[in-house]
Amino acid sequence: MTYRALLTLLVVAATSAKAGNWPHWRGPYFNGSTDEKDLPSDWSRTENVAWHAELPGAAAATPIVWDDRVFLSGVDSQRDMLQAMCFDRTSGRLLWQHDVARGMRQDERSNYASASPVTDGKIVVFFYGNGDVVAYDLDGNRRWARNLHDDYGPFAFQWTFSASPTLLDGKLYLQVLQRDVPVRGRGLADRPNESYLLAVEPETGETLWRHVRPSEAVAESREAFTTPIPFSHGGRRELLVAGGDALTGHDPETGRELWRWGDWNPVRISHWRLVPSPVAGGGVVLLCAPKGHPVYAIRAGGRGPLDDAAVAWTSRDVREVTSDVPTPAFYDGDFFVLSDLRRSLARVDPRTGEVKWSVPTPQGPKYEASPLAADGKIYLINFDGDVAIFAAQTGELLKGIAMDDPAPGEVVRASVIAAHGQLYIRTTRRLYCVGKDGR
């Protein structure tokens, strides 16, 4: 068999496995997009809703869908309990629910159920901000559990840690980019806290390798809430890791660092924690500097330490193209960058950085959840649970739909996702399945 024929078979197999499902926080292609068609663009809390399920507490984790199951990390607020949940995709019936640990939070900004679960269709893995990692089979039988605090020390974060797990080619990847010294009593005091990328055997939970990732960042700038993102370019597979004033590519087999770029904070500002994960497309890797600073496009395929020659472009107008929290989407050959601080959405050419259009997001609460790009539309959701739908081609605002009335102190943070011809929307107290019967 020729290499080209083998490559074609691999692509077809991967596409078949992904069809209709949303197995990872950023979807089947790790970039916030999907090939789903005929997705709804008009509904209400009662109209064009296939089902809704009541939730016992608010959390930021995005739903994950595989075939006839919907997985969700969550909390029971009354019982102060972290939970793992599974719903029937066609009816919304709760199939199973497990208590994971007592104790939901360490601060008032968020809780430990902010990371989204991940599945490969064999197991589903839940990762919580208290360090707990738990794996179940799809029927809810626990396969294994461990706690990264117990294994490698408590996380040294000023705010609540959150990084979603990634499954790729039979390995589970967990990322912890943290301070080197304790903060507010969190972290190891007798030795430096190491930032690391961890590979785990998904069937057993055993460590395959742990790669310590160095950083020259200072204080809070060492902290990242990003997720490791798989990427392939020029026949080379890698994991993209952003945080600690650096963007790096790693060998998925060993964790070895393949390349590094990190010139967005040359004076080592100390409060530049990083929230948006990297996203790749069009031959570049996008890195969003924090706090209203530019977006950088780094040419893919680099090796070793990279200098400014690796920068394909930098966003020229941060009023249009910047992101402090949302991870951009790559769809229809372009990046879609949501700015939570500048309150805008922009379509950007990956080759040149040209802004094809930029539009304001609707007035009101912040749109901070990462965008969904699918079926010619961009779906956003704000803190109040208002969904805004934009035309991907023109940026026209097509519809705004209110889906929640949050209680004081609660906000909607989970992204809208799409699977099997339907949308899944997590509000503070409900999970909605919107659209036609997806069976």
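Which pairs do you get when a residue that is closer than 14 Å to A300 by Cα, found in segment 232-258, comes within reach of a residue that is of a type in the set (F, W, Y), reach meaning Cβ atoms under 6 angstrom, with the pair 6+ apart or on two chains?
E238/F231; L240/F231; L247/W261; G249/W259
The conditions are (1) crowded, with 16+ Cβ neighbours inside 10 Å; (2) more than 21 Å from the chain's Cα centre (by Cα); (3) part of a loop (DSSP other than H, G, I, E, B), and S91 fails exactly one of them. Which is it?
(1)
Got a sec? Which of K356, K291 is part of a strand (DSSP E or B) and of a type in the set (K, R)? Spell out the reasoning first.
On the way: K291 fails: part of a strand (DSSP E or B).
When all the criteria are applied, what remains is K356.
Output the number of the condition that T327 fails; it satisfies all remaining conditions of (1) without any contact (Cβ under 8 Å) to a residue 24 or more places away in the chain; (2) crowded, with 16+ Cβ neighbours inside 10 Å.
(1)
May I ask you to list pairs of residues, at least six apart or on different chains, whose Cβ atoms are under 7 Å apart, with the first in segment 411-434 being under 29 Å from E108 (Cα atoms) and the second being small (G, A, S) and part of a strand (DSSP E or B)?
Going by the 7 Å Cβ cut-off, the qualifying pairs are R430/A53; L431/A53; C433/A50.
Mind checking which residues of segment 94-121 are part of a loop (DSSP other than H, G, I, E, B), in contact with a strand residue (DSSP E or B) (Cβ under 7 Å, 6 or more places away or on another chain) and either touching a residue at least 60 places away in the same chain (Cβ under 8 Å) or within 29 Å of G421 (Cα to Cα) (or both)?
Of the residues in segment 94-121, the ones part of a loop (DSSP other than H, G, I, E, B) are 103-117, 120-121.
Filter again for in contact with a strand residue (DSSP E or B) (Cβ under 7 Å, 6 or more places away or on another chain), leaving 104, 111-113, 115-117, 120-121.
Within segment 94-121, A113, A115, S116, P117, D120, G121 qualify.
Where the second residue is in a loop (DSSP other than H, G, I, E, B) and the first is aromatic (F, W, Y) and lies in segment 57-69, which pairs have Cβ atoms under 6 Å and are six or more apart or on separate chains?
Note: pairs meeting the criteria are W66/N21; W66/P23; W66/G121.
Considering only residues that are within 18 Å of P214 (Cα to Cα) and of a type in the set (F, W, Y), look in segment 244-299 and name the one that is surrounded by the fewest Cβ atoms within 10 Å (Cβ to Cβ).
W259
Kindly provide the set of residues from segment 94-109 that are loosely packed, with under 13 Cβ neighbours inside 10 Å and in contact with a Gly (Cβ under 8 Å, 6 or more places away or on another chain), ordered by number.
E108, the sole residue that qualifies.
One residue is enough: does segment 16-31 have a residue meeting the conditions at pLDDT 95 or above, surrounded by fewer than 17 Cβ atoms within 10 Å (Cβ to Cβ) and within 25 Å of G421 (Cα to Cα)?
Within segment 16-31, none of the residues are at pLDDT 95 or above, surrounded by fewer than 17 Cβ atoms within 10 Å (Cβ to Cβ) and within 25 Å of G421 (Cα to Cα).
Which of (1) free of Cβ contacts under 8 Å to residues at least 12 places away in the same chain; (2) closer than 17 Å to T327 by Cα; (3) of a type in the set (D, E) does E206 not meet, given it meets every other one?
Result: E206 fails condition (2) only.
Going by the conditions given, is D35 surrounded by fewer than 20 Cβ atoms within 10 Å (Cβ to Cβ), within 21 Å of the chain's Cα centre (by Cα) and at pLDDT 95 or above? Spell out how you get there, then give the answer.
Values: surrounded by fewer than 20 Cβ atoms within 10 Å (Cβ to Cβ): yes; within 21 Å of the chain's Cα centre (by Cα): yes; at pLDDT 95 or above: yes.
Judged against the criteria, D35 is a match.
Give me a count of the residues in segment 394-408 that are surrounded by fewer than 19 Cβ atoms within 10 Å (Cβ to Cβ), over 11 Å from A346 (Cα atoms) and not aliphatic (A, V, I, L, M).
Residues meeting the conditions: 6.
Exactly one of these conditions fails for T352: (1) surrounded by 18 or more Cβ atoms within 10 Å (Cβ to Cβ); (2) of a type in the set (S, T, N, Q); (3) within 19 Å of V279 (Cβ to Cβ). Give me its number.
It is condition (1) that T352 fails.
In contact (Cβ under 8 Å) with a residue 40 or more places away in the chain, under 21 Å from the mean Cα position of the chain (by Cα) and surrounded by fewer than 19 Cβ atoms within 10 Å (Cβ to Cβ): is that true of R142 in this structure? Quick ask: steps written out before the conclusion?
On the way: in contact (Cβ under 8 Å) with a residue 40 or more places away in the chain: yes; under 21 Å from the mean Cα position of the chain (by Cα): no; surrounded by fewer than 19 Cβ atoms within 10 Å (Cβ to Cβ): yes.
Here the answer is no, as R142 does not meet what is asked.
Within segment 48-89, restricting attention to residues that are among the β-branched types (V, I, T) and out of contact with any Cys (no Cβ under 9 Å at 6 or more places or on another chain), which residue is nearest to G20 (Cα to Cα)?
Only one residue tops the list, namely V65.
I'm trying to understand the selection: among the residues of segment 177-198, which are in a loop (DSSP other than H, G, I, E, B) and charged (D, E, K, R)? Can you show your working first?
Restricting attention to segment 177-198, the residues satisfying the condition of being in a loop (DSSP other than H, G, I, E, B) are 177-182, 184-185, 187-195.
Selection gives R179, D180, R184, D190, R191, E194.
Inspect all residues belonging to segment 162-176 and state whether any of them is more than 23 Å from G27 (Cβ to Cβ) and part of a loop (DSSP other than H, G, I, E, B).
No, the conditions are met nowhere in segment 162-176.
The values are calculated or read from the model by the stated rules, or taken from the named source; none is laboratory data. Remember, predicted model here, so these are calculated numbers, not experimental data. Heads up, the Cβs are rebuilt from the backbone with ideal geometry, glycines too, and the neighbour counts pull from every protein chain shown.
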